[in-house]
Amino acid sequence: MLPEYFEFFAPVKIVSGKKAVENLPYELDQLQAKRPFIVTDKGIEQAGLIDIIRKAMDAGEMEIGAVFDGTPPDSSIAVVNEAAKIYKDNNCDSIVAVGGGSVIDTAKGINIVITEGVDDISKLMGAEVLKKPMKPFIVIPTTAGTGSEVTLVAMISNPEEDVKMPFTSYRLFPNAAIIDPRMTMTMPPKITAATGMDALTHAIEAYYCNQKNPFSDAYAITAIKMISQYLARAVKNGKDEEARYVMANAATIAGIAFSNSMVGAIHSLGHATGGVAHVPHGVAMSIFLPVGLEYNIPKSGKYIGELLLYFAGPEEYAKTREDQRPYRLIELINKLREELHELSGLPLTLKEAGVKEDQFEEIAEHTLNDGALMFNPRDLNKEEALELVKKAYYGK
Amino acid sequence: MNYGSNKFKRSTVKFVMGLLGKALEKVSTVDEEVRNEAGALPDGFIAVMTILPNGPSMRAKKEGDHFKYLGTSNLREDGDLVVMFKNLESAFMILTGQLSTHRAYAQHRVSVKGDIVKAMIFTRCLNVVQAYLFPGPLANLVLKRKLPMPLNRQLKRLQVFLTLPF
Ligand SMILES: NC(=O)c1ccc[n+]([C@@H]2O[C@H](COP(=O)([O-])OP(=O)(O)OC[C@H]3O[C@@H](n4cnc5c(N)ncnc54)[C@H](O)[C@@H]3O)[C@@H](O)[C@H]2O)c1
Ligand SMILES: [Fe+2]
């Protein structure tokens with residue numbers, strides 16, 4: 001029932017609900033911050049979301065140090081270094097990330113550079129290298145996906161080597177995450193679908209990967225229930241406030257689950273595909289989820305089967321034979337993927353996502369070097385990774 | 001109070017780390033898989049295994065196409081990649097084969113400093129080394145999967161065993 005030993009850590013304050021962003025000045029003040037540096041990207045600025053922040057800051061009579069909207073997809077080390085300079089030039093004293101995973105991870109990167117006083121972040125890559133306490137850091141997610149607002153990792157791409165570099169440290173946890181349904185309302189359907197599938201993958205992998213424990217299970221189960229009921233609704237009608245609100249919280253809950261129990265092979269394959277072929281993270285997750293689940297059935301079929309209860313409800317669970325439950329779960333996940341494909345054009349195969357056959361080898365190689373693989377219950381070698389990539393490419 | 005068992009554990013883990021280091025050097029010169037893996041690491045790359053807070057430690061260096069064992073010490077050492085056992089008891093359980101590497105990671109009993117990609121490569125090398133060192137049933141317990149042991153690898157294994165004491 002219980003692992004013989006486990007750890008659980010969830011240190012981020014959650015501020016969630018209607019008009020939650022209005023609390024930003026208060027939360028900054030609690031951290032003794034006075035001039036925040038706002039990190040975002042052009043899409044979010046254009047969607048009018050930074051105006052919501054500006055208005056809240058004005059009401060709280062607090063000045064914004066500077067707004068940086070140059071975050072590219074997947075972040076990048078050059079941009080982190082550039083943004084850190086702007087932070088210093090404007091005498092900022094704290095960081096507020098307003099955006100999806102790319103923005104949040106860029107903001108984490110900026111925090112590293114500022115705190116450690118280096119000019120180039122690549123000098124600090126890896127785990128446990130960071131020693132100093134970081135600047136006050138608040139995250140306002142605008143996608144419902146990565147959970148990066150509650151994790152200790154930043155994935156920052158190094159375009160020269162086609163890899164995404166992970167930075168991990170307990171110091172990277174934000175101080176607070178502000179979840180406000182207004183902030184995800186403007187997300188286009190395809191991004192809603194992709195990021196929602198990322199969140200679902202976090203919750204599902206968290207339920208069977210190696211650091212699984214009763215605390216992370218509770219979070220994983222809660223998130224799976226919420227996502228299975230509300231993701232398609234949020235994609236179908238972006239103005240459905242209830243669906244947006246549930247999905248935004250589910251993504252954060254799934255984030256807490258996976259940052260404790262870790263993710264596995266599905267994420268390794270996805271990180272590799274993102275690095276090599278620039279497939280957006282959520283799209284890659286949606287494609288690899290059924291493939292990776294099937295691969296893990298021999299070792300983790302029991303746990304995967306249990307998830308049918310939370311994904312599909314007690315009736316479906318009771319009428320499915322125990323040994324069939326993991327397969328039934330995969331079937332229903334595929335049904336959801338097809339529905340999202342119809343609604344938003346979310347790609348179903350790597351082929352549709354623009355991956356080329358001559359990239360298979362490199363993707364398989366990068367998969368083996370991805371840290372998440374360490375936490376996958378079933379071992380994966382290069383030939384097996386290649387097989388999974390092919391399955392995800394041809395869709396069978 | 002004199003905690004004699006700590007003294008015993010300290011010398012045991014130091015001894016086993018030394019054995020692993022020597023075996024890493026030997027295996028990386030004869031086994032193609034390890035040589036290929038090592039090839040991906042930069043020359044002069046230093047990998048360290050250490051027990052917190054103050055050692056003992058084992059160091060190895062990538063040189064040419066293989067690893068060179070640099071010895072053990074009673075201090076806490078630094079390197080490009082540092083595998084840190086959080087406490088003596090954890091190190092003892094892992095190094096005496098009572099706890100597998102992947103479960104040790106799952107149980108947060110080790111912490112790694114350095115580039116994750118290189119940590120993955122180094123871990124795969126150590127997996128092969130463990131498969132060489134440990135008799136079949138124990139290797140099966142310690143590793144996530146059995147390492148293929150065709151005849152030529154069996155012979156290399158014998159070679160490693162015969163030269164290990166030197
Ligand atoms: N650190 C972690 O724990 C973690 C976990 C998973 C993924 N990630 C990383 O996160 C990144 C992906 O993040 P993502 O999936 O959130 O996408 P993203 O941040 O790349 O955003 C995708 C696009 O959506 C737009 N957008 C976002 N929110 C919007 C809104 N509310 N209205 C209109 N447009 C909006 C953005 O402008 C952008 O063009 C990847 O780099 C991945 O590696 C990190
Ligand atoms: Fe993810």
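The values are calculated or read from the model by the stated rules, or taken from the named source; none is laboratory data. What you are looking at is a predicted structure, and each value in this text was computed from that prediction instead of being measured. Counting neighbours? That spans all protein chains shown, and the Cβs are built from the backbone with ideal geometry, glycine included. Side chains are part of the model used for accessible areas, which takes the heavy atoms of the whole protein and leaves out ligands, DNA and RNA. Shrake-Rupley method; radii C 1.70, N 1.55, O 1.52, S 1.80 Å.
The table below lists the values:
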quantity	calculated
Hits in segment B:21-64 - residues which are open to solvent by less than 40 Å² (accessible area, probe 1.4 Å), under 25 Å from A:E365 (Cα atoms) and among the polar types (S, T, N, Q)	B:S28
Residue in segment A:178-185 that is closer than 20 Å to A:L289 by Cα, away from ligand 2 (no atom under 16 Å from the Cβ), away from chain B (no Cβ under 14 Å) and at pLDDT 95 or above present	no
Residue match in segment A:95-106 (condition: open to solvent by less than 10 Å² (accessible area, probe 1.4 Å), within 16 Å of ligand 2 (Cβ to nearest atom) and closer than 25 Å to B:G79 by Cα)	no
Criterion: polar (S, T, N, Q), open to solvent by less than 20 Å² (accessible area, probe 1.4 Å) and more than 16 Å from ligand 2 (Cβ to nearest atom) - qualifying residue of A:S300, A:S261, A:S268	A:S300
Residues (within 11 Å of ligand 1 (Cβ to nearest atom), open to solvent by less than 10 Å² (accessible area, probe 1.4 Å) and either hydroxyl-bearing (S, T, Y) or closer than 26 Å to A:N111 by Cα (or both)) located in segment A:193-215	A:D198, A:A199, A:T201, A:H202
Selection within segment A:140-177 - open to solvent by less than 10 Å² (accessible area, probe 1.4 Å), at pLDDT 95 or above, in contact with a Lys or Arg (Cβ under 9 Å, 6 or more places away or on another chain) and more than 8 Å from ligand 1 (Cβ to nearest atom)	A:A144, A:P174, A:A176, A:A177
Matching entry among A:D41, A:D74 (being modelled with pLDDT under 95, under 18 Å from A:A144 (Cα atoms) and within 16 Å of ligand 1 (Cβ to nearest atom))	A:D74
Some residue of segment A:73-89 being surrounded by 17 or more Cβ atoms within 10 Å (Cβ to Cβ), under 14 Å from A:R35 (Cβ atoms) and either in contact with a strand residue (DSSP E or B) (Cβ under 6 Å, 6 or more places away or on another chain) or acidic (D, E) (or both)	yes
Filter result (closer than 14 Å to B:L164 by Cβ, β-branched (V, I, T) and touching a residue at least 40 places away in the same chain (Cβ under 8 Å)) within segment B:12-67	B:V16, B:V27, B:V30
Segment A:113-149, subset among the hydroxyl-bearing types (S, T, Y) and farther than 20 Å from A:V163 by Cβ, residue farthest from ligand 2 (Cβ to nearest atom)	A:T115
Failed condition for A:P25, given (1) crowded, with 21+ Cβ neighbours inside 10 Å; (2) at pLDDT 95 or above	(1)
Test: residue in segment A:278-295 that is at pLDDT below 95, within 30 Å of A:P159 (Cα to Cα) and of a type in the set (A, V, I, L, M)	no
Total residues in segment A:150-173, condition within 13 Å of ligand 2 (Cβ to nearest atom) and not in a loop (DSSP other than H, G, I, E, B)	6
Segments classed as helices (runs of 4 or more DSSP H), wholly inside segment A:291-396, with at least 3 members that are within 14 Å of chain B (Cβ to nearest Cβ)	A:360-368, A:382-394
Conditions (1) more than 12 Å from every other protein chain (Cβ to nearest Cβ); (2) surrounded by fewer than 21 Cβ atoms within 10 Å (Cβ to Cβ); number of the one not met by B:D80	(1)
Boolean, A:I224 is touching a residue at least 24 places away in the same chain (Cβ under 8 Å), within 16 Å of ligand 2 (Cβ to nearest atom), open to solvent by 30 Å² or more (accessible area, probe 1.4 Å) and not hydroxyl-bearing (S, T, Y)	no
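Yes/no matrix, rows are residues, columns are (1) among the basic types (K, R); (2) over 19 Å from A:M226 (Cβ atoms):
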position: A:P314; (1), (2): no, no
position: A:R321; (1), (2): yes, yes
position: A:Y327; (1), (2): no, yes
position: A:H341; (1), (2): no, yes
position: A:L348; (1), (2): no, yes
